[in-house]
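This report refers to the structure that appears directly beneath it.
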Amino acid sequence: MARRAFVAKSYDHYYGSGLYDARYPRPNPPTYRRALRLASAASRILDFGAGSGRYTLPLLDSTDAFLCAYDISVDACKTLKAHASAAGVRSQRLLVTPDLDAARAAGPYDLALSLFGVLSHIEAPEDRMKILNSIFACLRPVACFLSRCRTRFAASRCMHRKFIMTAKQLYAFLPGVYAPLLPLAAPGRLSS
């Protein structure tokens, strides 16, 4: 719990300083195109680790879906709410929260996103497994999970290359690769 508080405080400082938005003013084009292809058929989307809305806001603009933007950083959530308000986003289409239980309760989702290496920032493998199981638990029986890590090392660190699923399509972004992973032994649960 102390580690989580440290990470949250660190991200609060990063977002609060404006450096994140200055460094990453818009989504990565290839990643956004892939996310948009999946989002076009989704009615409910979870953006896990949404930050200040780099992918959330363009997806709201390009789809009719409801989006839940979850981030550990309260400052990131405040920034995203301000961006959404300035863009005239209706609150019926967007929930921004630093509360994971509130994000889960807003499901089930057709699509969950965890982009830009969010999972690789969770150090302990057992904590990543808990988070992934939590995300998968709030997906519809037929849904997609989209994750992007910046490097193969980060991707293998966050996904262990052993994650498999049943009844849900699991997608992972690796550098230059976009492919479904194999089915899991127990439906809706991950194991390493």
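Here, each number is a calculation from the coordinates, and none is a lab measurement. All values derive from a computational prediction rather than experimental measurement. Reconstructed Cβ throughout: ideal geometry from the backbone, glycine too, with neighbour counts over all protein chains shown.
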**OP:** Work out, step by step, the length gained on full extension between Asp127 and Ser85: first 0.36 nm times the residue separation, then minus their alpha carbon distance; give nm to one decimal.
**Re:** 11.8 nm
Original post:
When ranked by the protection proxy of mean other Cβ atoms within 10 Å per residue, highest first, what sequence do the peptides 52-64, 122-134, 69-81, 13-25 form?
Top reply: 69-81, 52-64, 122-134, 13-25
**OP:** Give the dimensionless ratio obtained when the Cα radius of gyration of the stretch 1-93 is divided by 2.2 N^0.38 Å.
**Re:** 1.09
Original post:
Among all the aspartates and glutamates, which ones have a C-alpha under 14 Å from Lys9's C-alpha, if same-chain residues fewer than 8 places away are not counted?
Top reply: Asp71, Asp75
Original post:
Excluding Gly107 itself, what net charge comes from residues whose Cβ is under 10 Å from its Cβ, given Lys and Arg +1 and Asp and Glu -1?
Top reply: +2
**OP:** Would you pull out the residues with amide H under 5 Å of Leu94's amide H, same chain only if 5 or more places away, H placed 1.01 Å from N?
**Re:** Leu67
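Please compute the net charge surrounding Leu80, taking Lys and Arg as +1 and Asp and Glu as -1 over other residues with Cβ under 12 Å from its Cβ.
Working: positive: Arg54, Lys78, Lys81; negative: Asp21, Asp47, Asp71, Asp75.
Net charge in that neighbourhood comes out at -1.
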Original post:
Given labels modelled 7 Å from the Cα in the Cβ direction, how far is it in nm from Ser62 to Arg140?
Top reply: 2.0
Original post:
Using a simple charge model, +1 on the beta-carbon of Lys and Arg, -1 on the beta-carbon of Asp and Glu, nothing else, what dipole does the stretch 17-143 show about its Cα centre, in debye to the nearest 20?
Top reply: 400
